[in-house]
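Notes follow once the structure below has been shown.
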Amino acid sequence: MINENLLKIIKSDITPILLILIGLISFFGSLVYYFYALDNIGVLLTLILTFFSLAIILKKANHNFDPAANNIKLSINAKDWAYLFIYLGLFFIALYILYSSRTADPIASPWQAVPAKFFIIYALATFILLISPANPLFWLKITLHYFLSFSVALIVYKIGYGFDPFIHQAALEVIDKNSYIMPKTFYYTGQYSLEIISHKIFRLPLLYIDKALVPVLASILLPLTVKFSRQKIFNKEHLKPTHLNHGTLYPHTKDLGAGASDNPCAKSAGHSRCGGKLLLLALVIPFSIFIVTVPQNLAYLFLILIILLSLAPINYLKAMAMVSLALAAFFIQPIAGIPAILFLIYYFTENAAIKSVYKKIFYILIFFSTSFILPFLFYLLEKRNANFNSNGNIFTWANFNNLKWPPAITPDSENFILNFVYLYGFNLKFIIILLASVGLFSLVIKKNPLIKKYLFFSATIFLAYILTASLNFNYLISSERSNYADRLLIIGAIFLLPFILESLYLLAYKIKTEASAVKIPLYIFICLLISASLYLSYPRQDKYYNGHGYQTSQSEITAVKYIDSVAKNEFIVLTNQQLSAAALREFGFKKYYKNNIFYYSIPTGDKLYSYYLMMVKNPSRQTMLSAMDFAGADEAYFVINKYWWASAKIVDEAKLSADSWFIINNGDVYIFQYVK
């Protein structure tokens, strides 16, 4: 018979248990995949290891469980249900608008297909959330709102968004068929194991699982984790000045009075009145990292969850959730996983009962590790690919000239709405710095010990960013060279999250104390900011921003099928990344030639792509012959899309050198054939 306390643990602490479960499946799935395979036996072995480990964790947690600390009574009245039904009505209208806007056309932004009325419905739904009372139903609504915010690309792009997801989807298909893909790597496997195991258990199509993984997990886990952490922060058991509540984000001082009856953000019916609003206000910061599934985004999500968990007082289950997520993040994408593991080492060292002199030694080691490990790994990657580097230099001090303070921009050349959106978007860095600074100042005044760990890690990651930015990455195309440094910049900003949350908490507290005549206009302004953030979170094509990330279209699917049907010899295709994505979707990793060259040009450090760029600048037979010689092929195709800049001129010039050409869908795509 299951122990009664164990049932209470599962009921009251379901969030860390869920996070432990997800983290362990990802971690053990990676190990099983790397040392064996993810066939049915591998999946079974992963689940056995996962649930055996979870049982041990729960058994140990059972010895430290205090049922009185989790005795929460909930009450919901008719007004709460009314707010829920109003929100659900707006939510389903918004979903219907998105679904009705689904398209397979080559659009550069979902907003080219989604009508403006969607933003009106979205803003109204946000307003309903802002005026809704804090209760259990509120957390359901905020989860739905997060899903609505994160799933625009998921719903609107019928074929798929971006390029990298197509690579990972092709890899998943190979793993599903063969149980592994060669060469085996330890990175990415954390995501692949989650997806393959979900596919084999629930029998859902892998394509749907991959597309929805990050948007759905972020929509569910972010609210759950904030709710869990906020409950622990405001739990009266933690109001005592013990060493355990040194990890709380908001010390219960007289001016905030979290436990006081005059605090409008105090705990009520087991919930913080401002906790859910805090999560809603967080949407004012654009959330592009949650709109598409790639390993880096999933690792970002796990890192954020770790930081959110670290804000609450330490306990065994929470610690195990943080460890499992950090291990999973390492096997998903080490760029986020390594900082996550180093942060946990710092976190547990700080809470350990060891001499301060030893702690200082640990802090110094962690500082140098965090600052230099990732730049060193990027250096090794650059050195390994130095044969692509034209001048042989790996470092260049000239790159530091690009690290300039961004200028403030006041857009004024378009309509009021677009000017407002980009006034916010162009100056977002200042806004994030301002939010972090206000939060930091607030915590300094409160003498909160949290300041040290997050400021420490953010500073070390920013140092790693500066060092990484000094690398050339010349083996990548010019538009890709800043990607690795930019990822570190995002991670550094993620470690500022506690300070940003503190600012948003103070804002929620301030708004809550205002009269309705002031509160309602503030709510309207916040709705506008969140709607602007939604717009900025997705690819855009407007007078201020020209997005080049077109959706892979049905015309491109038709084109790759046609090329495959007419090619008679070993062939290569020089084209943009979206048509290459269509080839990955239809044929996977079908062909590789000498120098490990994929038969379609791809922009991620592939030399074949440089030949494509040469063709769009000056189409010539000699360039195509050189590309065939480089790959070892006898036949080549140059493909140009109608939406490509100066496509008409390129098409006319290519006709002069090609052996033959084909037209797809009335000129949406032109295919030029070259044969040796």
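The values are calculated or read from the model by the stated rules, or taken from the named source; none is laboratory data. If you're wondering where the values come from, they're calculated on a predicted model, not measured in any experiment. Cβ: placed from backbone, ideal geometry, glycine included. Neighbour counts: every protein chain shown.
Does Ile86 meet the test of being surrounded by 21 or more Cβ atoms within 10 Å (Cβ to Cβ), in contact (Cβ under 8 Å) with a residue 40 or more places away in the chain and either in a helix (DSSP H, G or I) or among the charged types (D, E, K, R) (or both)? It would help to see each step written out before you state the result.
Details: surrounded by 21 or more Cβ atoms within 10 Å (Cβ to Cβ): no; in contact (Cβ under 8 Å) with a residue 40 or more places away in the chain: yes; either in a helix (DSSP H, G or I) or among the charged types (D, E, K, R) (or both): yes.
Considered against the rule, which asks whether it is surrounded by 21 or more Cβ atoms within 10 Å (Cβ to Cβ), in contact (Cβ under 8 Å) with a residue 40 or more places away in the chain and either in a helix (DSSP H, G or I) or among the charged types (D, E, K, R) (or both), Ile86 comes out as no.
I'd like to know if the stretch 591-601 contains one or more residues that are farther than 29 Å from Ile409 by Cα, among the charged types (D, E, K, R), surrounded by 16 or more Cβ atoms within 10 Å (Cβ to Cβ) and out of contact with any Ser or Thr (no Cβ under 9 Å at 6 or more places or on another chain). Yes, the stretch 591-601 contains at least one residue that is farther than 29 Å from Ile409 by Cα, among the charged types (D, E, K, R), surrounded by 16 or more Cβ atoms within 10 Å (Cβ to Cβ) and out of contact with any Ser or Thr (no Cβ under 9 Å at 6 or more places or on another chain). What do you reckon, is Leu625 of a type in the set (A, V, I, L, M, F, W, C), over 16 Å from Ser580 (Cα atoms) and in a helix (DSSP H, G or I)? Taking the combined requirement at face value, the residue satisfies it.
Figure legend. Inter-residue proximity from the stretch 214-230: first residues within 13 Å of Ile307 (Cβ to Cβ), second residues part of a helix (DSSP H, G or I) and of a type in the set (Ser, Thr, Tyr), beta-carbon distance below 7 Å, spacing 6+ or different chains. Indicated pairs: Leu222/Tyr146; Thr225/Thr15.
The listed residues are Glu570, Glu556, and the only one of them that is of a type in the set (D, E, K, R) and surrounded by fewer than 18 Cβ atoms within 10 Å (Cβ to Cβ) turns out to be Glu570.
Scanning the stretch 149-180 for residues that are among the small types (Gly, Ala, Ser) and not in a helix (DSSP H, G or I) turns up Ser151, Gly160, Gly162, Ser179. Would you tally the residues in the stretch 595-631 being in contact with a Lys or Arg (Cβ under 8 Å, 6 or more places away or on another chain) and farther than 15 Å from Val675 by Cβ? Total satisfying the criteria: 5.
The set of residues in the stretch 585-602 being in contact with a strand residue (DSSP E or B) (Cβ under 8 Å, 6 or more places away or on another chain) and of a type in the set (S, T, N, Q) consists of Ser601 alone.
Does Ala582 satisfy the condition of being out of contact with any strand residue (DSSP E or B) (no Cβ under 7 Å at 6 or more places or on another chain) and either assigned by TED's automatic domain parsing to the domain that holds Ala108 or in a helix (DSSP H, G or I) (or both)?
Numbers: out of contact with any strand residue (DSSP E or B) (no Cβ under 7 Å at 6 or more places or on another chain): yes; either assigned by TED's automatic domain parsing to the domain that holds Ala108 or in a helix (DSSP H, G or I) (or both): yes.
For Ala582, the condition - out of contact with any strand residue (DSSP E or B) (no Cβ under 7 Å at 6 or more places or on another chain) and either assigned by TED's automatic domain parsing to the domain that holds Ala108 or in a helix (DSSP H, G or I) (or both) - is met.
Conditions (1) in contact with a helix residue (DSSP H, G or I) (Cβ under 6 Å, 6 or more places away or on another chain); (2) within 25 Å of Leu534 (Cβ to Cβ); (3) crowded, with 20+ Cβ neighbours inside 10 Å, marked per residue:
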position: Leu140; (1), (2), (3): no, yes, no
position: Phe150; (1), (2), (3): yes, yes, yes
position: Tyr180; (1), (2), (3): no, no, no
position: Thr185; (1), (2), (3): no, no, no
position: Gly190; (1), (2), (3): yes, no, yes
position: Phe202; (1), (2), (3): no, no, no
position: Leu213; (1), (2), (3): no, yes, yes
position: Ala218; (1), (2), (3): yes, yes, yes
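Quick one: would you say Ile361 is assigned by TED's automatic domain parsing to the domain that holds Phe525, in contact (Cβ under 8 Å) with a residue 12 or more places away in the chain, assigned to a helix (DSSP H, G or I) and under 26 Å from Ile466 (Cα atoms)? Answer is no for this residue. What do you reckon, is Asn401 assigned to a loop (DSSP other than H, G, I, E, B) and either at pLDDT below 90 or buried (at least 18 other Cβ atoms within 10 Å of the Cβ) (or both)? No.
Of the numbered criteria (1) modelled with pLDDT under 95; (2) within 17 Å of Gly492 (Cα to Cα); (3) within 18 Å of the chain's Cα centre (by Cα), the one Leu279 fails is (2). Val323 falls short on exactly one of the conditions (1) surrounded by fewer than 16 Cβ atoms within 10 Å (Cβ to Cβ); (2) among the β-branched types (Val, Ile, Thr); (3) under 18 Å from Leu221 (Cβ atoms), and that condition is (1).
Exactly one residue out of Asp80, Asp13, Asp66 is within 26 Å of the chain's Cα centre (by Cα) and modelled with pLDDT under 90: that is Asp13. Here Thr293 meets each of (1) under 28 Å from Asn448 (Cβ atoms); (2) modelled with pLDDT of 95 or more; (3) of a type outside the set (A, V, I, L, M); (4) assigned to a loop (DSSP other than H, G, I, E, B) with one exception, condition (1). Only helices (runs of 4 or more DSSP H) whose full extent lies in the stretch 428-505 are considered here, and the ones with at least 2 residues that are among the β-branched types (Val, Ile, Thr), touching a Ser or Thr at 6+ places or on another chain (Cβ under 8 Å) and assigned by TED's automatic domain parsing to the domain that holds Val226 are 450-469.
For the structure I just gave you, tell me whether Lys568 is in the same structural domain as Ala633 (by TED's automatic domain parsing) and assigned to a loop (DSSP other than H, G, I, E, B).
Details: in the same structural domain as Ala633 (by TED's automatic domain parsing): yes; assigned to a loop (DSSP other than H, G, I, E, B): yes.
Judged against the criteria, Lys568 is a match.
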